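Working notes for the structure below.
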Amino acid sequence: MAISDTQFTEWLEDQSAVRCVLVDAVANVSGADTTRYLSTTGYVTGGSDTPANTDYLPIISGGVSFTESLDIEAKASLSFGNIELSNPSGEYDEWLNDVWVNRQIQVFIGDVRWARADFRLIFDGISADISSPGIAKLSISVRDKLQRLNTPVHDVLLGGTTANKDRLLPICMGEVFNVTPLLSNPATHEYIVHARAVEDIIEVRDNGVPVDFTKNNPAGKFTLDQNPHGTITASVQGDKPMTYSNTIADLIQILVTDGGKVSEQFTASDIDTANFTAFNSANPQPVGSFFNVRTNVLKAVNDLAASVGAQAVMSRAGLLRLLKVELPATGADGAITTDDIEENSLKIIARTGVRASIKLGFCKNYTVQNGIQTGIPEDNKVLFSEQWLDRVATDTSTATQYKLDAEPKRKETQLLVQADADVEAQRLLDFFKVPRTTYSFNGGVRLIEMQLGDKKTLTHPRFGLSSGVDGMVVMLKIDWLKFKVSMGVIT
């Protein structure tokens with residue numbers, strides 16, 4: 001029977017434990033991907049283990065320290081680290097000739113007395129490269145699996161013989177307003193709004209005037225029923241692989257499992273299903289994105305997530321999660337006390353600037369049209385001439401207290417509905433209208449199982465924390481050889 005979570009926690013604090021780190025690292029050797037099995041101490045798997053009867057080379061000498069973080073501005077951040085290997089005689093110099101870049105690497109922790117299946121996965125990512133920082137050692141730098149999303153959403157061109165033959169097919173996710181479709185057949189006035197089936201082509205316009213058209217939703221196309229006179233635009237409910245959705249979590253799941261290079265796509269097993277389900281329930285706001293130029297999957301994912309202040313992160317088990325920095329944090333509360341914090345290690349590493357006003361852009365107009373001369377209402381002409389609709393949330397007492405009068409910079413979102421933009425602007429204002437402090441400190445084994453986004457009450461006799469202050473874990477750096485933790489908590 002596998003080691004239970006409770007047994008694993010007890011083992012972490014067991015002074016008699018014989019801890020061992022195992023690494024399964026893939027490298028391309030002479031054109032063939034080959035897994036190298038490495039460890040901190042000698043370890044041999046049994047005949048019923050996977051992999052069976054395998055000797056792990058005991059050459060890991062340092063590193064095995066990984067850093068992960070959340071950004072308060074919801075910008076993308078990758079976990080990173082390194083693994084140092086002993087190479088005093090140059091026995092493994094030839095490994096520098098192999099290709100390690102973008103190959104899978106997994107790191108496990110356990111006891112040398114355990115079966116291989118009882119070891120816990122503590123990192124599942126990719127190698128960035130291998131180097132030799134000293135004559136007696138090698139170093140494998142690693143990144144989390146988000147690096148796999150650093151590829152274009154797609155690279156499919158229209159093709160054929162028209163003037164647009166070298167243009168990318170557009171991609172429409174969720175609902176979008178006033179996009180410029182790709183003219184695919186000038187002779188028949190056929191246009192493409194999405195590279196495959198869509199839910200609906202809501203309206204087509206010629207210089208802002210709604211016109212008659214024949215839609216072909218299964219192909220993501222429409223044909224004008226008359227000759228075009230000016231700029232053709234459309235409003236679309238986009239991608240429909242099976243069932244149409246316009247929520248953030250659903251669209252991100254489609255992007256990471258169906259976008260980018262096929263070899264780098266995630267599968268359902270790479271996604272934290274419980275996290276995505278909970279995120280969808282808490283964040284049902286309709287959104288939309290349109291891409292008609294080369295766009296990176298990771299950027300597309302984080303633009304969607306950032307619409308509600310969230311970001312994509314990988315768990316230690318290599319599962320994609322969506323988290324947002326918010327206070328009070330959600331989830332079960334936990335305590336971090338003086339007993340958990342290494343003496344004299346507590347310090348303040350960041351304080352946010354106070355903001356008295358937040359401006360959010362929503363309902364993006366993908367085709368800005370100035371000076372429309374058609375007979376549409378003036379309000380519509382103004383609408384088509386602006387790229388964003390804006391909503392502003394302001395706290396006058398904060399502005400007075402901190403003497404703030406600067407015009408807020410617009411934060412662009414993929415939100416569609418004004419009410420949702422109002423709610424998100426107010427949420428951000430409530431967060432930033434007071435200074436937020438990030439504390440860092442070092443701790444031991446008891447803190448190792450904490451995760452990014454965890455809700456924690458931080459108690460310490462310094463910095464006004466004596467009565468306990470609610471916060472969220474936003475940074476973790478774990479040294480799995482020394483079993484030490486550096487942590488950041490925002491309050």
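Evaluate the following for Phe432: is it closer than 20 Å to Ala305 by Cβ, modelled with pLDDT of 95 or more and of a type outside the set (S, T, N, Q)?
Values: closer than 20 Å to Ala305 by Cβ: yes; modelled with pLDDT of 95 or more: yes; of a type outside the set (S, T, N, Q): yes.
It is true that Phe432 is closer than 20 Å to Ala305 by Cβ, modelled with pLDDT of 95 or more and of a type outside the set (S, T, N, Q).
What is the residue count in the range 232-241 for residues that are without any contact (Cβ under 8 Å) to a residue 60 or more places away in the chain and surrounded by 15 or more Cβ atoms within 10 Å (Cβ to Cβ)?
3
What number of residues within the range 214-231 satisfy the criterion of being assigned to a strand (DSSP E or B) and either surrounded by fewer than 20 Cβ atoms within 10 Å (Cβ to Cβ) or outside the structural domain of Leu169 (by TED's automatic domain parsing) (or both)?
5
Answer yes or no as to whether Ala317 is surrounded by fewer than 16 Cβ atoms within 10 Å (Cβ to Cβ) and either outside any loop (DSSP other than H, G, I, E, B) or not assigned by TED's automatic domain parsing to the domain that holds Phe119 (or both).
Yes: the conditions hold for Ala317.
Would you pick out the residues in the range 406-423 that are over 16 Å from Trp388 (Cα atoms) and not hydrophobic (A, V, I, L, M, F, W, C)?
Result: Glu407, single match.
Would you point out which residue out of Glu73, Glu94, Glu84 is over 21 Å from Asp270 (Cα atoms), assigned to a loop (DSSP other than H, G, I, E, B) and in the same structural domain as Gly47 (by TED's automatic domain parsing)?
Just a single option satisfies the conditions, and that option is Glu73.
In the range 98-171, which strands (runs of 3 or more DSSP E) lie fully inside it and hold 3 or more residues that are among the small types (Gly, Ala, Ser) and more than 30 Å from Glu449 (Cβ to Cβ)? Step through it out loud before you land on a result.
Values: elements: 104-111, 120-134, 137-144.
Passing ranges, in order: 120-134.
Given the criteria surrounded by 19 or more Cβ atoms within 10 Å (Cβ to Cβ) and touching a Leu at 6+ places or on another chain (Cβ under 7 Å), does Ile478 qualify?
Values: surrounded by 19 or more Cβ atoms within 10 Å (Cβ to Cβ): yes; touching a Leu at 6+ places or on another chain (Cβ under 7 Å): no.
No, not satisfied.
So which residues in the range 1-43 are assigned to a strand (DSSP E or B), free of Cβ contacts under 8 Å to residues at least 40 places away in the same chain and farther than 21 Å from Asn53 by Cα, if there are any at all?
Ala32
Consider Thr257 carefully, then state whether it is closer than 20 Å to Ala310 by Cα, surrounded by fewer than 16 Cβ atoms within 10 Å (Cβ to Cβ) and not small (Gly, Ala, Ser).
For Thr257, the condition - closer than 20 Å to Ala310 by Cα, surrounded by fewer than 16 Cβ atoms within 10 Å (Cβ to Cβ) and not small (Gly, Ala, Ser) - is not met.
Return the only residue of His194, His154, His189 being modelled with pLDDT under 95 and either of a type outside the set (D, E, K, R) or crowded, with 21+ Cβ neighbours inside 10 Å (or both).
Working: His194 fails: modelled with pLDDT under 95; His189 fails: modelled with pLDDT under 95.
None of the other options fit; the residue is His154.
Can you say whether Val423 is modelled with pLDDT of 95 or more, surrounded by 19 or more Cβ atoms within 10 Å (Cβ to Cβ) and either among the charged types (D, E, K, R) or under 19 Å from Thr330 (Cα atoms) (or both), as far as the supplied structure shows?
no
Select from the range 179-200 the residues that are under 25 Å from Asn370 (Cβ atoms) and either touching a helix residue (DSSP H, G or I) at 6+ places or on another chain (Cβ under 7 Å) or of a type in the set (A, V, I, L, M, F, W, C) (or both) and list them in ascending order.
Val179, Leu182, Leu183, Val193
So which residues in the range 439-464 are at pLDDT 95 or above and among the aliphatic types (A, V, I, L, M), if there are any at all?
Leu458
Is there a residue in the range 159-166 that is of a type in the set (Lys, Arg) and at pLDDT 95 or above?
Yes, the range 159-166 has at least one match.
List the number of the failed condition for Ser39; all other conditions in (1) under 18 Å from Trp95 (Cβ atoms); (2) buried (at least 16 other Cβ atoms within 10 Å of the Cβ); (3) touching an Asp or Glu at 6+ places or on another chain (Cβ under 7 Å); (4) not aliphatic (A, V, I, L, M) hold.
(3)
If the Cβ limit is 7 Å and pairs must be 6+ apart or interchain, which residue in the range 106-131 that is under 25 Å from Asn28 (Cα atoms) and not assigned by TED's automatic domain parsing to the domain that holds Leu481 pairs with which residue that is in a helix (DSSP H, G or I) and at pLDDT below 95?
Asp124/Lys145; Gly125/Lys145; Ile126/Lys145; Ile126/Gln147; Ile126/Arg148
Of all residues being among the charged types (D, E, K, R) and in contact with a helix residue (DSSP H, G or I) (Cβ under 9 Å, 6 or more places away or on another chain) in the range 305-350, which is farthest from Arg462 (Cα to Cα)? Just the residue, please.
Looking at residues that are among the charged types (D, E, K, R) and in contact with a helix residue (DSSP H, G or I) (Cβ under 9 Å, 6 or more places away or on another chain), I get Arg321.
The values are calculated or read from the model by the stated rules, or taken from the named source; none is laboratory data. A quick note: this is a predicted structure, and the numbers were derived from the prediction, not measured. Glycine gets a Cβ as well: all are built from the backbone with ideal geometry, and neighbour counts include every protein chain shown.
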